[in-house]
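Notes follow once the structure below has been shown.
Every read-out reported here was derived from the displayed coordinates using simple, explicitly stated rules and does not represent laboratory data. What you are looking at is a predicted structure, and each value in this text was computed from that prediction instead of being measured. Cβ placement follows ideal geometry from the backbone for every residue including glycine, while neighbour counts extend to all protein chains displayed.
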Amino acid sequence: MIHVFVGPTLPRSEPSLAAPGVRVWPPIRHGDLFDAAIRAGDTVVIVDGVYHQAPALRHKEILAAMARGVRMIGAASIGALRAAELAPFGMLGVGAVYTAYARGEITSDDEVAVGQAPDGEFDALTWPLVNLRHVLGLARSAGILDDDRAAGLLATLRAVYYPQRTTAAVRAVCRRRNETRFSAWLAERCAQDRHFGDLKRADAVAAVRVALDGRASRIDVRSVPSVPSVRGSTYFRRWSNAFARARVDGLELSTEDRLVYQQVFDPAFHRTWTAFLEHRSLHPADGGPGRPLTERLVRAGCGDLPADRLFHPTVDLRDEATVALLLAGETEGDRRAVARYADALGRARRDRPGFSAAAVRDDLTHDLLLRVWKCPGLRFDEEASARGLSCGSRAVEAAKRLVPGFLEETNERMGASCDGR
């Protein structure tokens, strides 16, 4: 399967995107390469991506995908930039934009950035600087501009913030610099060919063709340097868990949301966490020798200190055995509740621009956890640790995503109780 992440650079009507075995995705963003649909042996073509309105794709995500056997091609836009940065690790770059980045002729992401339509169609509303640079080169070759005038235009256009680099802005710059001949020449060429000067589009088409004709199969994805440190890094584990999802009971659910729900609401989760600690003690993630948990406690010489206060193993929510252990007590009703809570958080984000789970008040979350756990404040850290949340502050951070849903349910119950009177 060939997965193409594309937006403004190529329309979905592009014929090569309709070829058998090609799946077209929106512009890539942080987390997209964790999708289970992208498997070992597949090829990913990265053209466009988001980075202003959402977190951008990280380099380590690409390296990890390559390490599990996914071939990576980049071109035209953020794909060209990432390919130039990761070419030593086996990512394949295609096209003139990639070559310019690889040679250091251009370095800024502003070269390929464009403003996009906000309606989900991903149409480009502005000119990328790399295309303007190419057009100015064509104008020099045609005798429309000399080198100094072209350089002056480029410098002025570069000073325009990329979301404002529209066709009207280009015309205004030309008028201000008295380059009316170039402006008329450019308008005429664009009227004759709507793709005139579109270097990014040409590179994107070339990259898809490289994937289709099998040249990507020559990419060596068997040994990617530094991958053990990538997978073992704190950030990568956090990303991996955050984007782990599964379809259960007809619901598409975040595995991390399901775990946090159990940690907060399952009164027996202490036993579940202890069973997980025992499993990890017998089967260490680093492949070392396994020992019973009681033996490790004796070796640690920590007396009567509970295992959960001493051991805080990392959790990999892409490991089926780990998920099965930690969600052993989950019910169908729990999963429906997780879906409701996720919907409540989504509504809060839509209704309150700029809202996120992190914005939920710490004291509110702390008090709700004390109510649910029915424990005194002095035992808050102890209770959080027994539930695999390490300490009270981490429990508060994890549980914030549940607060909007919890408050909605509480208000609904109170309203129903009042109606019943």
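By the compact-protein rule of thumb, 2.2 N^0.38 Å, the alpha-carbon radius of gyration of the range 129-195 corresponds to a ratio of 1.01. Once label points are set 7 Å from the Cα along Cα→Cβ at both residue 340 and residue 413, what is their separation, rounded to one decimal in nm? Going by the 7 Å Cα→Cβ label model, 1.0 nm. Remark: spin-label model distance residue 51-residue 213 equals 2.9 nm, labels positioned 7 Å along the Cα→Cβ axis. Distance from the C-alpha centroid of the range 192-214 to that of the range 377-395: 55 Å, rounded to the whole angstrom.
Taking the square roots of five times each eigenvalue of the Cα gyration tensor of the range 245-420, the equivalent ellipsoid has semi-axes of 32, 19, 14 Å, listed largest first.
Report D for the range 266-366 in µm² per second (integer): Stokes-Einstein, Kirkwood Rh on Cα pairs, 25 °C, 0.890 mPa s. Kindly include the intermediate steps, with their values, before the conclusion.
Values: Rh = 16.6 Å.
The Stokes-Einstein estimate is 147 µm²/s.
Compute the semi-axes of the equivalent ellipsoid of the range 313-364, taking the square root of 5 times each eigenvalue of the Cα gyration tensor, and list them largest first in whole Å.
That gives 27, 15, 11 Å for the three semi-axes.
Sorted into 20 angstrom bins from 0, the C-alpha pair distances of the chain split as 22, 43, 27, 8, 0 percent. On a per residue basis, the convex hull of the C-alpha atoms belonging to the range 338-378 measures out at 77 Å³. Determine which residues of the range 258-287 fall in the zone a paramagnetic label at residue 331 would reach in this model, i.e. backbone nitrogen under 20 Å from the point 7 Å along Cα→Cβ. It comes to 258-273, nothing else. Taking 8 Å as the Cα distance limit and 6 or more residues as the minimum spacing, I'd like the relative contact order of the range 67-130 as a percentage. Taking the mean separation of contacting Cα pairs over the length of the range 67-130, I get 25 percent. From least to most packed, judged by other beta carbons within 10 angstrom and beginning with the fewest, 396, 248, 298 follow the order 298, 248, 396. This model, with +1 at the C-beta of Lys and Arg and -1 at the C-beta of Asp and Glu, gives the chain a dipole about its Cα centre of some 680 debye. Here the contact order of the chain, divided by its residue count and restricted to Cα pairs under 8 Å and six or more residues apart, works out to 13 percent. Working note: Debye formula, equal point scatterers on the alpha-carbon atoms of the range 20-86, no solvent; log10 I(q)/I(0) at q = 0.14, 0.17, 0.26, 0.27 Å⁻¹ is -0.36, -0.54, -1.34, -1.44.
In the chain, taking the dipole from charged Cβ atoms about the Cα centre, the farthest positive-side position among 190, 272, 395 is held by 190.
In the chain, what % of DSSP beta bridges are antiparallel (nearest 5)? In the chain, approximately 25 percent of DSSP beta bridges are antiparallel ones. By the rule of a C-alpha distance below 25 Å, with chain neighbours fewer than 8 residues away ignored, the lysines paired with residue 200 are 60. With semi-axes defined as the square roots of five times the eigenvalues of the C-alpha gyration tensor, the equivalent ellipsoid of the range 37-150 measures 29, 18, 11 Å, largest first. Using R0 = 51 Å, the C-beta based FRET efficiency linking residue 371 and residue 168 works out to 0.35.
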